[in-house]
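This report concerns only the one structure given below.
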Amino acid sequence: MASTTAVVAFVLALPLWRFSMHAITLAHEGGHALFGLLFGGKLDKKKIHLNRDGGGATHLTIGGFGRMLYLLAGYLGPSAVGFAGAWMLVHGFEPRAVLLMSLVLAVFVLVLTRNFFGLLVSGATVALLWVVTTRAEPRAQLAFAYVWVWFLLIGSTRKIPDLYRGMLRPKNSSDAKQLQDLTHIGDVVWLFLFWLGTVGALVYGGALLLRQPI
């Protein structure tokens, strides 16, 4: 099952990226918002927006070291959720527990989203996860959990080229650029660290899934 679901997730994350990228953006902005609030940040009235072009924004004010963690949590957030899901699956947790973890994050984003398209994306994600978690048979939940975890791991790495293209624009306001302004360490270094973190999570998390007998 691990290899078959990996292929399904690969198709979702690459050929179908135009449609599936919004789920990764949801996890990205959810990571921003969660870490920002945990470290004392304050959301303004706009809160979270998810855009049609696959981008998004979390309107949150935070300074100091908390801001650094807030910025790091975006591109690394989907990988972290995917890796946590992989670890849970291979250590005996029920697939429902993995899906509930993602469902809680999706509900969190839904509550904070303030634009119409974002509400459609987060609402559809919540509905899908809710139906699978509460209605699907255990074997179907297991298959979906594997696809979902693989998709988060693969989709996180697919998001990095979009970051690079954003860094080339005249008005560069990417997370890497903001980290450069905050730390005086070049945005290319942060781009590399994002790439290293997402690829590392994919390789290690994928190895855990492929070695797990089902």
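The values are calculated or read from the model by the stated rules, or taken from the named source; none is laboratory data. None of these values were measured; they are calculated from a predicted model. Cβ atoms come from the backbone with ideal geometry, glycine included; neighbour counts cover every protein chain shown.
Structure notes:
- Qualifying residues in region 4-62 (those that are among the charged types (D, E, K, R) and assigned to a helix (DSSP H, G or I)) - the one farthest from Gly155 (Cα to Cα): Glu29
- Residues of region 40-75 that turn out to be farther than 24 Å from Leu191 by Cβ and either more than 17 Å from the chain's Cα centre (by Cα) or of a type in the set (Phe, Trp, Tyr) (or both), as a count: 8
- Selection status of Ala140, out of contact with any Leu (no Cβ under 8 Å at 6 or more places or on another chain), farther than 21 Å from Leu34 by Cα and assigned to a helix (DSSP H, G or I): yes
- Among residues of region 167-192, those that are under 18 Å from Ala73 (Cβ atoms) and in a helix (DSSP H, G or I), counted: 14
- Looking across region 103-127, the residues that are touching a strand residue (DSSP E or B) at 6+ places or on another chain (Cβ under 8 Å) and either among the polar types (S, T, N, Q) or within 11 Å of Glu29 (Cβ to Cβ) (or both) come down to Val109, Leu112, Thr113, Asn115, Gly118, Val121, Ser122.
Listed here are the residues, each with its yes/no results for (1) hydroxyl-bearing (Ser, Thr, Tyr); (2) crowded, with 23+ Cβ neighbours inside 10 Å; (3) modelled with pLDDT of 95 or more.
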{"site": "Arg18", "(1), (2), (3)": "no, no, no"}
{"site": "Ala33", "(1), (2), (3)": "no, yes, yes"}
{"site": "Thr61", "(1), (2), (3)": "yes, no, no"}
{"site": "Leu72", "(1), (2), (3)": "no, no, yes"}
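- Single unsatisfied condition, Leu196 versus (1) farther than 25 Å from Asp53 by Cβ; (2) touching a residue at least 12 places away in the same chain (Cβ under 8 Å); (3) of a type outside the set (Ser, Thr, Tyr); (4) surrounded by fewer than 16 Cβ atoms within 10 Å (Cβ to Cβ): (2)
- Among the residues of region 175-187, those identified as more than 16 Å from the chain's Cα centre (by Cα) and either under 17 Å from Ile62 (Cβ atoms) or without any contact (Cβ under 8 Å) to a residue 12 or more places away in the chain (or both) are Lys177, Gln178, Leu179, Gln180, Asp181, Leu182, Thr183, His184, Ile185, Gly186.
- Residue check, Phe65 modelled with pLDDT of 95 or more, part of a helix (DSSP H, G or I), more than 18 Å from Phe151 (Cβ to Cβ) and not β-branched (Val, Ile, Thr): no
- The listed residue being part of a helix (DSSP H, G or I), under 24 Å from Leu193 (Cβ atoms), of a type in the set (Phe, Trp, Tyr) and touching a helix residue (DSSP H, G or I) at 6+ places or on another chain (Cβ under 9 Å), out of Tyr164, Tyr146: Tyr164
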